[in-house]
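The values are calculated or read from the model by the stated rules, or taken from the named source; none is laboratory data. The structure displayed is predicted, hence computed values, not measured ones. Here the Cβ is made from the backbone with ideal geometry for all residues, glycine too, and neighbour counts use every protein chain on show. These area figures cover heavy atoms from the full protein model, side chains too; ligands, DNA and RNA do not enter into them. Shrake-Rupley method; radii C 1.70, N 1.55, O 1.52, S 1.80 Å.
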Amino acid sequence: MGDLRKRAWQWSKRATASFGELTCALFYERSLAEPVRPPLNPLGASIRLAEESDLDTICQLYADDPWLWLGDGPRDQAARGLYLDRLRRGERCFLAFVDGVLAHANWTCFTWGDALPGHPIRLRPGEVYTTDAFTPPAFRGKGVHGLVLGTMLDQARRQGARHAYTLGQLDRPDAHKGLRALGWQECGRVYFFLPRGAVRTPFLLRRGMTQPLFRD
């Protein structure tokens, strides 16, 4: 983003902040037709699938991040039920631990996943959607995200998936670099505004290939 456009975007966000949240979501895709390169594991992390007993820990991890958190504010107890529903319908949460400490959480969705506010992405056979990747500050920049995401994509491919999607946020440039380094390509953008107290957003502008986000 050029300096002028960046300043205009930041001004627009500040001007609308008292009424709601203005967001630009970046839509990424990645082919799984070829084998996924084995990820590095510099910290010797261990990875396992989350169980229902892990939900309180997962909620604590996400609660302070409004881009990821499914609740309406960090104290929304109803959000736990939404994550529980994910597990029970067959979506998978991958947890990474370093010396017994939770270092990353990430999800692979096979049926549908929470994408844009009030507007989930509905997946077709052979597609997966990765969502809600979170690394605590102490483990950022140390390869944990790449390790977990690579493991997720490899397992999805082994189960028959041939295409993956994910979302990023324009205001988090470090995450974009990480996704591109792992083989993801930006294919579209969606600009939207979420009024305060609303659960569904009006879409202001769509650019590029965003059709999978808007299936009925």
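Summary of computed values
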read-out: Cross-link reach list, lysines versus Lys142, counting only Cα pairs under 16 Å and skipping chain neighbours closer than eight places; value: Lys177
read-out: Förster radius 35 Å - calculated FRET efficiency between Asp64 and Arg200, Cβ distance, rounded to 0.05; value: 0.90
read-out: Difference of contour (0.36 nm per residue) and Cα-Cα distance, Asp174 to Glu52; value: 40.8 nm
read-out: Evaluated at q = 0.17, 0.18 Å⁻¹: base-10 log I(q)/I(0), Debye formula over Cα of the chain; value: -1.36, -1.52
read-out: Gained length - Asp216 relative to Leu4, 0.36 nm times residue gap less alpha-carbon distance; value: 72.6 nm
read-out: Per residue accessible area of the stretch 89-216, 1.4 Å probe, in Å²; value: 47
read-out: Virtual spin-label span in nm between Arg140 and Arg189, 7 Å along Cα→Cβ; value: 2.2
read-out: Computed helical MRE - 222 nm, the chain, DSSP H runs ≥ 4 contributing -39500 (n - 2.57), nearest 500; value: -8000 deg cm²/dmol
read-out: Using distinct alpha-carbon pairs, which all enter the 1/r mean, Kirkwood radius of the stretch 40-130 in Å; value: 14.1
read-out: At least 15 Å along the helix axis (C-alpha) and Kyte average at least 0.0, DSSP helices within the chain; value: 144-158
